[in-house]
Amino acid sequence: MPRLPGTGRRYARRTARVLLLDADDRLLLQRMEDRATAAYWLTPGGGVGRHETLAAAAARELREETGLHVTAAALGAPVARTHGHLASDWVTGLVEDTFFLHRVTAHTVDTSGMEEFERGATTAFRWWTVPEIAATAERVVPFALAPLLTDLIAGRVPARPVELPWHH
């Protein structure tokens, strides 16, 4: 398992997630609930397999959770990362989330590829505008998502992944 740079500490879990934007510059988020944390909205994605690249994991998770089929190459390079300690139904320990950007004209979510525990924890999907994300009182992760999306929508894609604040 990879280590947190500069610390020697191993990650308990690495995730690959997708910032999926539609033609109206809306971001797809899914609402999750677990026993350890309050309900929150987050991007599609999930755990990276042992011999899986981050992009391959992001493409697989996008297919499983939303029914959207994309190749790992179509996702390009990561645009953001965040890491920190998490205690949830999924994992306890040091976690790293890596985010890819992908655009679609439109997409209707199909959850038939979700694993049973994902179906049980996912309560909704919704396309959000940046102003809605910035103004909501609901918990949206990762933190600092609205400013990042503003830059990405404007075509300001970072040369290296932006480090976002940890969200737990």
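The values are calculated or read from the model by the stated rules, or taken from the named source; none is laboratory data. Since the model is a prediction, treat every value here as computed from it, not as a measurement. Note that each Cβ is placed from the backbone with ideal geometry, even for glycine, and that neighbours are counted across all protein chains shown. Protein only, heavy atoms only, side chains kept; ligands, DNA and RNA dropped before computing areas. Shrake-Rupley method; radii C 1.70, N 1.55, O 1.52, S 1.80 Å.
Among the conditions (1) under 17 Å from Leu164 (Cα atoms); (2) crowded, with 20+ Cβ neighbours inside 10 Å; (3) modelled with pLDDT of 90 or more, the only one that Val95 does not satisfy is (3). Filter region 148-160 down to residues that are open to solvent by 40 Å² or more (accessible area, probe 1.4 Å) and of a type outside the set (Val, Ile, Thr) and give me whichever is nearest to His102 (Cα to Cα). Checked region 148-160; the qualifying residue nearest to His102 (Cα to Cα) is Gly155.
If the requirement is being open to solvent by 30 Å² or more (accessible area, probe 1.4 Å), over 17 Å from Arg26 (Cα atoms) and not in a loop (DSSP other than H, G, I, E, B), which of these qualifies: His83, His51? Give the steps one after another, and end with the answer.
Numbers: His51 fails: not in a loop (DSSP other than H, G, I, E, B).
His83 is the lone residue from the list that is open to solvent by 30 Å² or more (accessible area, probe 1.4 Å), over 17 Å from Arg26 (Cα atoms) and not in a loop (DSSP other than H, G, I, E, B).
Can we say Arg60 is of a type in the set (Lys, Arg) and at pLDDT 90 or above? Here the answer is yes, as Arg60 does meet what is asked. Report whether or not Glu118 is of a type in the set (D, E, K, R) and over 21 Å from Ala16 (Cα atoms). For Glu118, the condition - of a type in the set (D, E, K, R) and over 21 Å from Ala16 (Cα atoms) - is not met. Only one entry in Arg14, Arg3 is touching a strand residue (DSSP E or B) at 6+ places or on another chain (Cβ under 7 Å), at pLDDT below 75 and farther than 18 Å from Gly113 by Cβ, namely Arg3. Among residues that are over 21 Å from Leu75 (Cα atoms), within 17 Å of the chain's Cα centre (by Cα) and touching a residue at least 24 places away in the same chain (Cβ under 8 Å), Val140 is included. For the structure I just gave you, tell me whether Arg139 is among the basic types (Lys, Arg) and surrounded by 14 or more Cβ atoms within 10 Å (Cβ to Cβ). Spelling it out, Arg139 is indeed among the basic types (Lys, Arg) and surrounded by 14 or more Cβ atoms within 10 Å (Cβ to Cβ). It is to be established whether one or more residues within region 132-141 are over 25 Å from Arg13 (Cβ atoms) and touching a Leu at 6+ places or on another chain (Cβ under 8 Å). No, because not a single residue in region 132-141 is over 25 Å from Arg13 (Cβ atoms) and touching a Leu at 6+ places or on another chain (Cβ under 8 Å). Filtering region 11-33 to residues that are acidic (Asp, Glu) and over 16 Å from Thr108 (Cβ atoms) leaves Asp25, Glu33. The set of residues from region 100-127 being in a strand (DSSP E or B), open to solvent by less than 50 Å² (accessible area, probe 1.4 Å) and either out of contact with any Lys or Arg (no Cβ under 6 Å at 6 or more places or on another chain) or charged (D, E, K, R) (or both) comprises Phe100, Leu101, His102, Thr122.
Summed over region 56-77, residues that are among the polar types (S, T, N, Q) and in a loop (DSSP other than H, G, I, E, B) total 1.
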